[in-house]
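Undergrad: First, the structure itself, so that you have it in front of you.
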Amino acid sequence: MDEGNLTNSNVIIVIPSRLNSSRLPNKALLRIDGKPLIQRVVEIAKGVRGIDEVVVATDSHEIAEVGKSSGAEIIITTSKPRNGTERLIEVMKKKKANYYINLQGDEPLIDCIEIEEALNILINTNNEIVTICRPISLKEAQDPSRVKVIISDKNKAIYFSRAIVPHNTKTLLEHSGVYLFKKNILSKIESLKPTKLENIESLEQLRWLEAGLSIHISLSKRNSISIDTPKDIIEAERILKIKKIKTIVLDVDGVLTNGRILYGNNGEEYKEFSTQDGSAIKRLQNQGYMFAILSGKDSKALRRRASDLNINNIILGVKDKSIGIKSIQKNMNIEKDQCAYVGDDIDDIYAMKSCGWNFAVKNAREEVKHYANEIINRSGGEGAIAELESILNKINGVKNL
């Protein structure tokens, strides 16, 4: 982003929010990983570079109270606005700026960088409306609460829909609840009347397209989710918790190996490790993740594997993994919610109790799967950590190699 061009641009982020959401009542005040939804969105807005003010526009005094305590300015709007843009237009008449950003109050995972990239496009091009979209899978696209968008080769929006569009494509794009406007275009939008398509899809931006307005799409690879259903809250909390992870603690037998132990003619012990897992660990280390090994057994093969993977934090031959995991956390100076554990057997549950997020491999005991937050679809020693890498990459917006 050309940060210099954003200086003195007079940009206001407006967060429209109402209490009586039709799909999820009181959602602005629902707690997501310990914080009200509206507070999370305000905190994101205040982290965006080049912004002069953050305003919560609402007709609810309860939302206003949380927004104010989170550091936003509050404008109490009338109950007339039918959508977020109409609420923003009320703000525009009280707050003058060159650029306005409509950041929906149900976007607790959007990245500041995404907004900055879109703002850079708005300020430094002739585009008058910019919004954000990202790739999603066919399974994700089947949810009508996730709005899909068709774009042209020049990144202009052609159509938005709750249905899966376009038909028979491998590339599906989801629209994010963020709009960026130059001030003059908002006066034109205010004069537009609702349209049939807008009412059918319940999407206000179709009114703009039907009026011949151009909407530029800023493409993002970062993972996000809008909060429209109780299921969305569960997924948002999952993403937020996984984003906190700094250290991944691995069991060995049944996780880094298939759990089988082979003995040579002279009693020497052999273990098989996955080369895919080794490569995945090294790539994750390059991203900044730290690794530790916690095992109830000790062997030369295990120590050799840890050395090959440059994993220095290892505790082997431990009888009580609840003590072992706390020792690792103390040595690495990490908190519980920064630590993830990958296990397969009963004794791993004692370590999991001291971690913020836990994974069980496919071949894990049922008791372990029941306790874990998430189950990896591959078995230990067969690329389970490689699959974990894919999970982390999707959440962090990192492209798999």
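Undergrad: Do the conditions hold for G4, that is, is it surrounded by fewer than 15 Cβ atoms within 10 Å (Cβ to Cβ), over 16 Å from Q104 (Cβ atoms) and either modelled with pLDDT of 95 or more or of a type in the set (D, E, K, R) (or both)?
TA: no
Undergrad: While we're here: In region 27-38, how many are in a helix (DSSP H, G or I) and small (G, A, S)?
TA: Within region 27-38, residues that are in a helix (DSSP H, G or I) and small (G, A, S) number 1.
Undergrad: Then there is this: Filter region 135-156 down to the residues that are of a type in the set (A, V, I, L, M, F, W, C) and exposed (fewer than 14 other Cβ atoms within 10 Å of the Cβ) and list them by number.
TA: L138
Undergrad: Given the conditions (1) in contact with a helix residue (DSSP H, G or I) (Cβ under 6 Å, 6 or more places away or on another chain); (2) buried (at least 16 other Cβ atoms within 10 Å of the Cβ), report the number of the one that L24 does not fulfil.
TA: All conditions pass for L24, except number (1).
Undergrad: Among the candidates L262, L302, L294, single out the residue that is free of Cβ contacts under 8 Å to residues at least 40 places away in the same chain and either of a type in the set (A, V, I, L, M, F, W, C) or not assigned by TED's automatic domain parsing to the domain that holds Q338 (or both).
TA: Being free of Cβ contacts under 8 Å to residues at least 40 places away in the same chain and either of a type in the set (A, V, I, L, M, F, W, C) or not assigned by TED's automatic domain parsing to the domain that holds Q338 (or both) holds for just one of L262, L302, L294, which is L262.
Undergrad: Hey, among the residues in region 120-154 that are in contact with a helix residue (DSSP H, G or I) (Cβ under 8 Å, 6 or more places away or on another chain) and assigned to a helix (DSSP H, G or I), which one's farthest from I110 (Cα to Cα)?
TA: N124
Undergrad: Which condition number does R18 fail, the rest of (1) loosely packed, with under 15 Cβ neighbours inside 10 Å; (2) modelled with pLDDT under 90; (3) among the basic types (K, R) being met?
TA: Evaluating R18 over (1) loosely packed, with under 15 Cβ neighbours inside 10 Å; (2) modelled with pLDDT under 90; (3) among the basic types (K, R) leaves (1) as the failure.
Undergrad: OK, next. For the condition in a helix (DSSP H, G or I), modelled with pLDDT of 95 or more, more than 30 Å from N331 (Cα to Cα) and not β-branched (V, I, T), what is the one hit in L206, L180?
TA: Going through L206, L180 in turn, just one is in a helix (DSSP H, G or I), modelled with pLDDT of 95 or more, more than 30 Å from N331 (Cα to Cα) and not β-branched (V, I, T): L206.
Undergrad: Which of (1) in contact (Cβ under 8 Å) with a residue 40 or more places away in the chain; (2) of a type outside the set (G, A, S); (3) surrounded by fewer than 19 Cβ atoms within 10 Å (Cβ to Cβ); (4) outside the structural domain of I349 (by TED's automatic domain parsing) is the odd one out, the single condition E210 does not satisfy?
TA: With respect to (1) in contact (Cβ under 8 Å) with a residue 40 or more places away in the chain; (2) of a type outside the set (G, A, S); (3) surrounded by fewer than 19 Cβ atoms within 10 Å (Cβ to Cβ); (4) outside the structural domain of I349 (by TED's automatic domain parsing), E210 is out only on (1).
Undergrad: Hey, another quick one. Go through region 314-364 and report how many residues are within 29 Å of the chain's Cα centre (by Cα) and under 21 Å from G381 (Cβ atoms).
TA: Selection size over region 314-364: 16.
Undergrad: Sticking with this one: If I ask for residues that are among the hydroxyl-bearing types (S, T, Y) and within 14 Å of S70 (Cβ to Cβ), which ones from region 15-55 would you list?
TA: S17
Undergrad: Among the residues in region 224-242, are any in contact with a Pro (Cβ under 7 Å, 6 or more places away or on another chain), crowded, with 18+ Cβ neighbours inside 10 Å and either among the hydrophobic types (A, V, I, L, M, F, W, C) or within 30 Å of E140 (Cα to Cα) (or both)?
TA: Checked against the condition, which is being in contact with a Pro (Cβ under 7 Å, 6 or more places away or on another chain), crowded, with 18+ Cβ neighbours inside 10 Å and either among the hydrophobic types (A, V, I, L, M, F, W, C) or within 30 Å of E140 (Cα to Cα) (or both), region 224-242 yields at least one hit.
Undergrad: For the subset of region 68-78 comprising residues that are in a loop (DSSP other than H, G, I, E, B) and either at pLDDT 95 or above or among the basic types (K, R) (or both), which member is surrounded by the most Cβ atoms within 10 Å (Cβ to Cβ)?
TA: The selected residue is A72.
Undergrad: Follow-up. Regarding region 290-298, can at least one residue be identified that is of a type in the set (V, I, T), over 28 Å from K399 (Cα atoms) and at pLDDT 95 or above?
TA: Within region 290-298, none of the residues are of a type in the set (V, I, T), over 28 Å from K399 (Cα atoms) and at pLDDT 95 or above.
Undergrad: Among K188, K221, K193, K170, which is the only one that is among the basic types (K, R), in a helix (DSSP H, G or I) and assigned by TED's automatic domain parsing to the domain that holds I89?
TA: K188
Undergrad: Suppose we keep only residues that are basic (K, R) and touching a residue at least 12 places away in the same chain (Cβ under 8 Å) within region 156-174. Which one would you say is farthest from N127 (Cα to Cα)?
TA: R162
Conditions (1) part of a strand (DSSP E or B); (2) basic (K, R); (3) at pLDDT 95 or above, marked per residue:
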site: S22; (1), (2), (3): no, no, no
site: P25; (1), (2), (3): no, no, no
site: R40; (1), (2), (3): no, yes, yes
site: E62; (1), (2), (3): no, no, yes
site: V66; (1), (2), (3): no, no, yes
site: K80; (1), (2), (3): no, yes, no
site: T85; (1), (2), (3): no, no, no
site: I101; (1), (2), (3): yes, no, yes
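Each row is one residue, and each column tells you yes or no for (1) small (G, A, S); (2) surrounded by 14 or more Cβ atoms within 10 Å (Cβ to Cβ).
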| position | (1), (2) |
| --- | --- |
| R260 | no, no |
| K271 | no, yes |
| A280 | yes, yes |
| L284 | no, yes |
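Undergrad: Now for a different question. Could you name every one of the helices (runs of 4 or more DSSP H) located completely within region 329-401 that has at least 2 residues being buried (at least 24 other Cβ atoms within 10 Å of the Cβ)?
TA: Those helices (runs of 4 or more DSSP H) span 346-352, 384-396.
Undergrad: Can you give me the number of residues within region 157-180 that are charged (D, E, K, R) and surrounded by 14 or more Cβ atoms within 10 Å (Cβ to Cβ)?
TA: Residues that pass the stated criteria total 2.
The values are calculated or read from the model by the stated rules, or taken from the named source; none is laboratory data. In this text, all values refer to a predicted model and were calculated from it rather than measured experimentally. Heads up, the Cβs are rebuilt from the backbone with ideal geometry, glycines too, and the neighbour counts pull from every protein chain shown.
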